[in-house]
Every structure is written in structure tokens, then in C-alpha cells.
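Accompanying notes for the structure given below.
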Amino acid sequence: MSLPASVNFTQHSRIEIKCNSNFDNTVEIIKYSLQLAYLIPGILIHFGILRTILWKCWRFYRSNSFFMIFAVDSMASVIMLIFAAFFNRPTMYIPPLCPILSPFFADPSTLLNVSYIIPNYLRAMKSVTQIFMSLNRMSCVIFPHSYTTIWRKYLKFSIAIILFSPIFVTWNLFLSRVFVMPYFGGFTYGYLKYFEWASLSQFQFVFLSLAILVTIISTIIILIYLLMLPTRVKSLEKTLCFTNLTISISFMIVTAFQSFYAFFPNVFTGFLSNFVFGLQFLSYDFLNISSPIVMILMNAQLREHIFKNQGTFGNSIIRVSQTQNSVL
């Protein structure tokens, strides 16, 4: 959230806030507790997936390009969830923290900049990982015999793009002043743009829209190829449709909220503005938590590896058919 143009502050101004004491401490803390009730399980789910892919069954998954990309996405999600659970949400929903912590952030702060830049950088990264996961699924169906060779050659390059392309979204944040501002009984973060024309919300909107577009197009292409097979693979069709539908809905919800801040930042004011701002965070929570749950539910192989002992999984060899089932 950027500072309104009507407010006259400079990049080095001291920005003090007055905490709102009209909110009931108990109610606000209950809000935070309810969010912790799903944030912490979400964190544990991601750790379980990462432990399985990168350690427990590493020898099985290391040659599977889709799961390597998914692991990067999972790392981005778990960091975002940790920031949400233990840094951002407590300052929003625990009112007693506001008068204690907000004075420390009245002046320009590196800690404040980092805590604002990292989640936004990871938001953009998730859009890029979704693009590459969609392309990976599609290439698995279109080029089943050369799929492994293609992605073995370009996987490192793809991951490099995933890791560094979000700079095109967040570059202005590195130059801008991040500050705290009142939010219900606590405070949240905003930024004073260094370049006024460079809107974080608009850049995020572009990345999210590209992710949705690529997901939809690749899903259509995959379904066409599956329908053309001599023997239809109905289980794969259902799995693909359910997985991509859930992911697409998650991205569409997030994109809808980003569109408000990208193109209609002044439509909502007062309480309604805070309410919509809070819903935006919940939409990202849904995106971060729904994807691993869907992956576990729809992928029997991953589910078995997560919930069973290592056994012989570490010595397994990934065959083409296994790879296709894992990807789809």
C-alpha cells in the first residue's frame, strides 16, 4: 500500500502514527488466533513436502523437474506464511504491540524495508513458478519422450528466472521509503514511492494475470491432447481439471484484490478500506495453503512418500510413466 499523494512526507521524514484504541483487544487477538489456526498447519504441510522432496526421498525426486519447481514454490509459500504468522499479523491484530513497536519504525528502518520487500518479492515469485509449472505439465503431455531431456537442460535456467524475475515487480521498493500506518487496532506497512509511476500493485497484477493466462491456455492444450489419445486417461483428466481449477480460482481471487489497488486505490475508504486490505492477505493465505493440500490429495505418490517411512523410496528409479503421473 502506497502513501496517498496528498500526504507530504519525504524519503527521510519521521513518520509517527497514532494507534487506534477503539478496537477491543480480545476481539482483535481472537482474529489473530483464528488465522494462526490455519497458518501454522500450512507451514507444517509445506515443511513436510520440502522434507520429502529435498531430503527424505531426494534420490527419487531430484530428476523430476516438476517437483524441483514445486519445491521452489513451496519454499516461497512457507516463508510468506512464517512472515504472516509471526511478523505481519501480530502487529496488525495485537493492539498492545502498536504503541510499543510503532515508535521504533518512525524513522527509516532497514528491518522495516526487508519485512515489506521479502513478502512482496515472494508474491511475484509465486506467479512465475505457476507459469513454469503449467508449462512443465504441458510439455510432459506434448513431448512425452523428450520431456525429461528438455527440462534437464533448461531446469537451472528456469529456476534462475523464477528467483530473479520478481525484481521487475519490486525494484521500486528497494529505492522507496517503507513506513508503518494504522490498521484496525495495530499497524501495517506502506511505502512512499521513489518513482511515483512505478506501482507495485500494477506490476503484481501483470504477473498474476500472466500466470492465470498461461495456466488456462496450458490446461486447454493438455485436455485436447488427452482427449485425442486412443484410450482416454480419465483419472488424469479429472486430476488435472481439479488441480488447475483450484489453482486458477486462487490466483483469480488474489488478482481481483490486486486490481483494486492497481487501478481503483481510492474506491474504498475508512473501515471498508481496512476490511478489503485484510481480505487481500486472506486471499494470499488461501493461495499459499491450498496448492500443497491439492497436490497431496491428488498425487498418491507424493502422499505416500510424505506419510510413510522412507523404505525403498530413496533407491527408486523414475520411469517416464511415473513422471507423467507425478506431474499431472
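Evaluating LEU223 against the criteria (1) in a helix (DSSP H, G or I); (2) of a type outside the set (Lys, Arg); (3) out of contact with any Phe, Trp or Tyr (no Cβ under 6 Å at 6 or more places or on another chain); (4) crowded, with 21+ Cβ neighbours inside 10 Å leaves one unmet condition, (4). Considered as a group, the residues in region 267-281 that are surrounded by fewer than 16 Cβ atoms within 10 Å (Cβ to Cβ) and in contact (Cβ under 8 Å) with a residue 12 or more places away in the chain include one that is farthest from SER199 (Cα to Cα), and that residue is LEU279. Taking the criterion of being among the hydrophobic types (A, V, I, L, M, F, W, C) and part of a loop (DSSP other than H, G, I, E, B), the residues of region 196-217 that qualify are TRP197, ALA198.
Counting residues in region 321-328 that are among the hydrophobic types (A, V, I, L, M, F, W, C) and either in contact with a strand residue (DSSP E or B) (Cβ under 8 Å, 6 or more places away or on another chain) or at pLDDT below 80 (or both) gives one or more. Number of residues in region 7-26 that are surrounded by 12 or more Cβ atoms within 10 Å (Cβ to Cβ) and among the aliphatic types (A, V, I, L, M): the value is 2. Report, by residue number, each residue of region 83-138 that is over 13 Å from TYR189 (Cα atoms), without any contact (Cβ under 8 Å) to a residue 60 or more places away in the chain and crowded, with 18+ Cβ neighbours inside 10 Å. Of everything in region 83-138, those that are over 13 Å from TYR189 (Cα atoms), without any contact (Cβ under 8 Å) to a residue 60 or more places away in the chain and crowded, with 18+ Cβ neighbours inside 10 Å turn out to be ALA85, TYR121, LEU122, MET125. Name the single residue, out of those in region 48-82 being under 26 Å from TYR183 (Cα atoms) and small (Gly, Ala, Ser), that is surrounded by the most Cβ atoms within 10 Å (Cβ to Cβ). Per the stated criteria, the residue is SER77.
Being within 11 Å of CYS57 (Cα to Cα), modelled with pLDDT under 90 and aromatic (Phe, Trp, Tyr) is the requirement here; does PHE307 meet it? Taking the combined requirement at face value, the residue does not satisfy it. Looking only at residues in region 258-299 that are outside any helix (DSSP H, G or I) and farther than 24 Å from PHE242 by Cα, which one is modelled with the highest pLDDT? This residue is PHE264.
Out of SER63, SER77, I need the residue that is within 17 Å of SER290 (Cα to Cα), in contact (Cβ under 8 Å) with a residue 24 or more places away in the chain and among the hydroxyl-bearing types (Ser, Thr, Tyr). Which one? Show your work before the answer.
Working: SER63 fails: within 17 Å of SER290 (Cα to Cα).
Of SER63, SER77, the one residue that is within 17 Å of SER290 (Cα to Cα), in contact (Cβ under 8 Å) with a residue 24 or more places away in the chain and among the hydroxyl-bearing types (Ser, Thr, Tyr) is SER77.
Each row is one residue, and each column tells you yes or no for (1) part of a helix (DSSP H, G or I); (2) of a type in the set (Phe, Trp, Tyr).
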| site | (1), (2) |
| --- | --- |
| THR149 | yes, no |
| LYS153 | yes, no |
| LYS156 | yes, no |
| THR188 | no, no |
| TYR194 | no, yes |
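When LEU155, LEU81, LEU122, LEU163 are screened for being in contact with a Leu (Cβ under 6 Å, 6 or more places away or on another chain), at pLDDT 95 or above and at negative phi, only LEU81 passes. Say whether the condition of being surrounded by 13 or more Cβ atoms within 10 Å (Cβ to Cβ), modelled with pLDDT under 95, of a type in the set (A, V, I, L, M, F, W, C) and within 26 Å of TYR191 (Cβ to Cβ) is met by at least one residue in region 27-47. Checked region 27-47: no residue is surrounded by 13 or more Cβ atoms within 10 Å (Cβ to Cβ), modelled with pLDDT under 95, of a type in the set (A, V, I, L, M, F, W, C) and within 26 Å of TYR191 (Cβ to Cβ).
The values are calculated or read from the model by the stated rules, or taken from the named source; none is laboratory data. Since we're looking at a predicted model, the values are computed, not measured. Cβ: placed from backbone, ideal geometry, glycine included. Neighbour counts: every protein chain shown.
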